[in-house]
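Nothing in this text is a laboratory measurement; each read-out follows from the coordinates by a stated rule. Please read these numbers as outputs of a predicted model, since none were measured by experiment. Cβ placement follows ideal geometry from the backbone for every residue including glycine, while neighbour counts extend to all protein chains displayed.
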């Protein structure tokens, strides 16, 4: 059960980080060395999608256990 919470927490952190990286890469969030760099505009959404998948997997496992 603890493992599922860790999966959820890691998924949330990846999603949040991916969104931040995307915004920095698109130069929406300025003031960083990552701002305006196309690499982060590409890597960010990929990381965010992986985070969303982990959130889905962790949520499904928790629902399955709580039944």
At R0 = 25 Å, FRET efficiency that the Cβ-Cβ distance of residue 27 and residue 50 yields, to 0.05: 0.60
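So for the chain, averaging the separation of alpha carbon pairs under 8 Å that are six or more residues apart and normalising by length, what relative contact order in percent results?
41 percent.
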Calculated FRET value between residue 13 and residue 38, using beta carbons and R₀ = 22 Å, to 0.05: 0.40
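Please report, in whole Å³, the volume per residue of the convex hull around the C-alpha atoms of the stretch 15-62.
Convex hull of Cα atoms, per residue: 51 Å³.
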Acute angle (nearest 10 degrees) that the helix 2-25 long axis makes with the longest principal axis of the chain, alpha-carbon atoms: 20 degrees
